[in-house]
Each structure stands twice: as C-alpha cells, then as structure tokens.
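Worksheet for the structure shown next.
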Amino acid sequence: MRALVYHGPGERAWETVAEPTIEAPTDAIVRIDASTICGTDLHILKGDVPEVKPGTILGHEAVGSVVEIGSGVTTLVVGDRVLVSCITSCGRCPFCREGRYGLCTGGGGWILGHLTDGLQAEYARVPFADTSMYKLPGGLADEQVLFLADILPTAYEVGILAGRVEPGDTVAIVGAGPIGLAAVLTARLFTPAHIVAIDLDDARLERARELGADLTINNGSGIAVAAVMQLTDGLGADVAIEAVGVPQTFELCTELVRPGGRVANVGVHGHPATLHLEKLWIRDITITTGLVDTITTPRLLKLIEEGRLDASVFATHRYPLAETMAAYDTFADAASSHALKVVLTAEPVEAESPRKESVVGAV
Ligand SMILES: NC(=O)c1ccc[n+]([C@@H]2O[C@H](COP(=O)([O-])OP(=O)(O)OC[C@H]3O[C@@H](n4cnc5c(N)ncnc54)[C@H](O)[C@@H]3O)[C@@H](O)[C@H]2O)c1
Ligand SMILES: [Zn+2]
Ligand SMILES: [Zn+2]
C-alpha cells in the first residue's frame with residue numbers, strides 16, 4: 001500500500017510500505033476513506049516531536065471502513081464505517097476508567113502517527129479498536145465527521161469545557177487557526193454574550209467572523225487588551241482561550257481575563273512562558289491546560305447528526321489521498337493558500353482491487 005512516511009526532520013515521502021496486519025487481538029485494520037493533516041504533523045516534520053521515529057506513517061485523523069478485526073474485538077464488524085480518533089483508549093487503565101483517555105497508561109493516548117503508524121495511508125492498524133473508534137451513522141458525509149477526530153473535541157474539551165464557558169460570558173479566543181475557529185464554533189453552544197477572536201492574520205479573522213465571532217482583533221499592533229477592556233467595562237473576558245502555543249499568547253490570555261476568570265490553554269508549547277504571579281495571585285484566576293481526551297466525541301457526533309453543529313466548514317482544500325505530498329505543501333503554506341483543513345480522499349472502493357476481508361482469529 002501507499003502511505004505518507006516521516007523520514008526525519010524536513011523529510012517526508014508518499015511511498016510503498018507493507019500493509020498493516022493484526023498484531024494484538026484488540027486491533028482492527030481500517031481502510032482509510034478520508035484523512036487530513038494537522039498542525040502537529042508540521043511540528044513533527046520540523047523535528048519538534050522527537051519521539052516520532054523516522055519510518056513512521058503520519059496522521060491521526062480519519063474516517064474509514066473496518067476491513068479486518070482481531071479475535072478480541074467485539075463491538076465492530078467488517079464493513080463498519082468508523083471515525084478513527086487522534087486519541088486511542090485502552091478502556092481499562094485508571095485514567096481511561098475516569099474518561100481521561102489522553103492520559104491512558106495502558107498503551108493508548110496519542111499514539112497514532114506518533115508512537116505507531118498513523119492514518120495518512122491506504123490502510124491503518126488501530127489498537128484497542130472497540131474503545132478507540134466510533135461507529136458512524138449513515139447519511140453523514142466524510143467531511144461532516146472527519147474533524148471530530150481532533151480539532152472539534154480539542155477545542156471543545158480543552159478550551160470551552162475546561163474554561164467553563166457559560167451563557168452570557170465574554171470569551172476571548174487567541175489564535176484563529178483550526179483549533180481557535182473550532183473554539184468559536186463550540187463556544188456558541190453555550191450562548192456567550194461575546195466571542196472575541198484575536199489573531200495576526202486578517203483572512204483567519206474573517207473566518208472567525210463567519211463562524212460566529214462578533215469582535216475580531218488583529219493584534220499586530222498590540223491593541224487586544226485595550227479592545228477587550230473596552231468591551232467589558234474594564235473588567236476583562238470571563239474566559240480566555242489560548243489556541244496558538246507561544247509564550248506571548250499565553251501571557252496575553254492572562255492579561256485579557258477578568259478577576260475570577262478562567263484561562264484555558266489549548267496550545268502546545270515548546271518554550272517556557274512567564275507566569276506573572278506577582279500580578280495574578282490576587283485576582284482568583286483559574287488556569288487549565290490539557291491534552292484532548294476525546295470523551296465528548298459521541299456528544300459532538302450527535303450534534304452534527306441532528307444538524308446543530310456544522311463541522312464541514314473547516315474543509316477548505318481537497319486532494320486525492322495519492323496527492324498527500326501536494327496537500328502538505330498547501331497546508332504548510334496556509335498564509336497564502338488560506339488553508340484550514342485539507343481533506344485527503346481515497347479512491348472509491350469499487351475502483352480498487354478487493355482486499356482480503358478475513359476475520360483474524362475468529363472461530
Ligand atoms: N491540547 C491539545 O490537545 C491540542 C490538540 C491539537 C492541537 N493543539 C495545539 O493548538 C494550537 C492551535 O492549533 P492550530 O492547528 O489551530 O494551529 P495554527 O498554527 O493553524 O493556528 C494558530 C493561529 O495563531 C495565530 N497566531 C500566531 N501567533 C500569534 C500571536 N502572537 N497572536 C495572535 N495570534 C497568533 C496564527 O496566525 C494562526 O492563525 C497549536 O499549538 C496546536 O499544537 C493542542
Ligand atoms: Zn492533531
Ligand atoms: Zn487506558
């Protein structure tokens with residue numbers, strides 16, 4: 001089969017590799033129908049995630065069809081259409097029992113396209129299939145559900161829920177990339193009074209406005225704090241969501257938030273940020289951080305199914321899976337391509353040679 005393989009910093013190739021096979025009874029093999037590229041994949045390619053070994057297939061977001069199951073898989077059958085999530089859950093360790101799949105100590109967590117081969121491929125092996133994949137209802141297109149694999153639960157759980165957004169709140173979202181925009185979209189579920197989007201890129205701020213931000217601020221000239229204070233009678237935002245991942249934007253969030261407010265950090269940071277405790281200690285600020293757990297995936301799926309949430313708005317570019325290399329170029333050049341999410345679509349099944357559809361280990 002063909003897959004997008006990481007070969008060390010700056011090196012990637014769409015190449016022929018061995019097809020995945022069942023390695024543990026709880027594995028399933030999935031034919032990838034649609035996949036996408038994450039900003040984290042670009043971080044990996046820059047060499048920022050050294051745990052990713054050269055030779056690893058990248059990708060941690062996909063919609064696919066189950067083509068093979070291990071003998072221990074009991075809730076999925078060959079032919080099921082599934083969402084493959086960025087987070088894998090063993091379902092048994094203490095963290096998984098608490099619903100904190102991102103912290104799984106039983107071999108799950110963020111492993112796909114990180115510690116094991118990922119989903120930018122024609123086929124993928126998904127460990128702990130029963131507890132890590134979500135059967136999809138009929139009638140929803142791949143693009144309507146694909147972004148449930150990462151950006152929607154990330155923004156919703158680590159931003160909106162951790163920040164405890166409530167009706168009537170002013171929510172300031174710093175960063176209007178896919179994650180910040182997904183925060184705009186999911187903040188609306190709570191009817192805030194104001195959603196403020198802050199970025200340096202006018203095109204992304206325009207998207208934020210389309211998705212429901214009522215105030216957008218280009219902070220190139222450093223006006224964000226003054227603008228948010230003006231909006232909130234000098235108090236600050238009830239919730240500030242950091243969706244960039246650099247020290248300046250974390251520090252900005254702590255300046256934007258009102259006394260008693262919440263700062264929800266979603267960004268992945270590579271450098272230390274300064275925590276101004278000398279100013280913050282007296283202001284009752286709550287600061288949260290976290291890796292997504294994806295525990296809200298079924299809830300978000302229901303909202304999509306019922307027409308309450310439209311996740312397809314993130315799909316700005318489309319490529320055949322075989323053109324993943326070109327898709328990476330477009331995604332990496334978001335400043336000029338204005339890409340948010342690039343959808344990689346496999347050839348329709350009919351056009352392929354049939355793959356073995358055995359149920360490994362079944363009696
Ligand atoms: N916590 C988690 O589980 C989790 C999961 C996925 C992604 N993330 C992280 O979330 C962050 C956002 O992801 P994304 O895919 O939207 O990233 P992105 O790079 O596409 O978007 C970041 C946005 O921030 C803007 N920006 C950059 N510097 C800025 C500044 N100084 N002030 C204001 N805006 C600025 C950029 O113009 C861009 O629009 C990343 O750090 C990513 O790694 C976290
Ligand atoms: Zn991701
Ligand atoms: Zn676990």
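The values are calculated or read from the model by the stated rules, or taken from the named source; none is laboratory data. Because the structure is a prediction, the values reported are computed rather than measured. Quick reminder, even Gly has a Cβ in these numbers, built from the backbone with ideal geometry, and neighbours come from all protein chains shown. Surface areas here come from the heavy atoms of the whole protein model, side chains and all, with no ligands, DNA or RNA. Shrake-Rupley method; radii C 1.70, N 1.55, O 1.52, S 1.80 Å.
Spin-label model, Ala322/Thr21: points 7 Å from Cα along the beta carbon direction are separated by 2.7 nm. Accessible area per residue for the chain, computed on protein heavy atoms with a 1.4 Å probe, is 43 Å². Taking 0.36 nm per residue of sequence separation and removing the Cα-Cα distance, the Glu255/Asp201 pair yields an extension gain of 17.4 nm. Helical runs (DSSP H, four residues minimum) scored at -39500 (n - 2.57) apiece and divided by the length of the chain put the mean residue ellipticity at 222 nm at -6000 deg cm²/dmol.
The equivalent ellipsoid of the chain has semi-axes of 36, 21, 19 Å, largest first, where each one is the square root of 5 times an eigenvalue of the Cα gyration tensor. Take every pair of alpha-carbon atoms less than 8 Å apart whose residues are at least six positions apart; their mean separation over the length of the chain yields a relative contact order of 18 percent.
Say R0 is 35 Å: what FRET efficiency, to the nearest 0.05, do Leu280 and Arg97 get from their beta-carbon distance?
About 0.55, to the nearest 0.05.
Within segment 148-168, find all residues whose amide N lies under 19 Å from a label point positioned 7 Å from the Cα of Asp233 along Cα-to-beta-carbon. Under cut-off, by backbone N: 166-168. Classify segment 249-317: rounded, prolate or oblate, from the alpha-carbon gyration tensor (a ≥ b ≥ c, eigenvalue square roots; a/c under 1.5 rounded; otherwise prolate if a/b is larger than b/c)? Taking the square roots of the gyration eigenvalues as a ≥ b ≥ c, segment 249-317 is prolate.
Within the assembled protein chains, the solvent-accessible surface assigned to Met229 is about 50 Å², based on a 1.4 Å probe. Remark on Arg318: its backbone amide H falls under 5 Å from those of Val343, a criterion applied only to residues 5 or more positions apart or on other chains, H modelled at 1.01 Å from N. Structural size metrics of segment 1-71, computed from C-alpha coordinates, are Rg and Dmax of 13.3, 39 Å.
With r defined as the distance between the Cβ atoms of His271 and Met1 and R0 fixed at 45 Å, what FRET efficiency is calculated, to the nearest 0.05? The computed FRET efficiency comes out at 0.75. For the pair His43 and Ser336, a Förster radius of 30 Å applied to the C-beta separation gives a FRET efficiency near 0.90, rounded to the nearest 0.05. How big is Rg to Rh over segment 104-151, alpha-carbon atoms, Rh as the Kirkwood inverse-mean-distance radius? Expressed as Rg/Rh, it is 0.98.
Note on segment 196-317: with neighbouring protein chains present and a 1.4 Å probe, carbon and sulfur make up 53 percent of its accessible heavy-atom surface. When you count the other C-beta atoms within 10 angstrom of each residue and take the mean per peptide, 3-12, 218-227, 237-246 line up highest first as 237-246, 3-12, 218-227. Candidate cross-link partners of Lys302 among the aspartates and glutamates, defined by an alpha-carbon separation under 13 Å and a same-chain spacing of 8 or more, comprise Asp310.
With the convex hull drawn over the C-alpha atoms of segment 214-331, the volume per residue is 183 Å³.
Only protein atoms count toward the accessible area here, which uses a 1.4 Å probe; on segment 1-45, the carbon and sulfur part of that area reaches 53 percent. Computed from phi, the 3J(HN,Hα) profile of segment 315-321 under the Karplus parametrisation 6.51, -1.76, 1.60 (θ = phi - 60°) reads 6, 9, 9, 10, 9, x, 3 Hz, with x in place of Gly and Pro. In a simple Cβ point-charge model (Lys, Arg +1; Asp, Glu -1; nothing else charged), segment 221-344 has a dipole of about 200 debye relative to its Cα centre. Ellipsoid semi-axes for segment 17-172, based on the Cα gyration tensor and the rule √(5λ), read 25, 19, 17 Å when sorted largest first. Legend: Rg and Dmax of segment 197-247, from Cα coordinates, 11.1, 29 Å.
Ranked highest first by average number of other Cβ atoms within 10 Å, how do 263-276, 288-301 line up?
288-301, 263-276
Post the alpha-carbon centroid distance, segment 40-73 to segment 206-259, in whole angstrom. Cα centroid to Cα centroid, the span is 34 Å.
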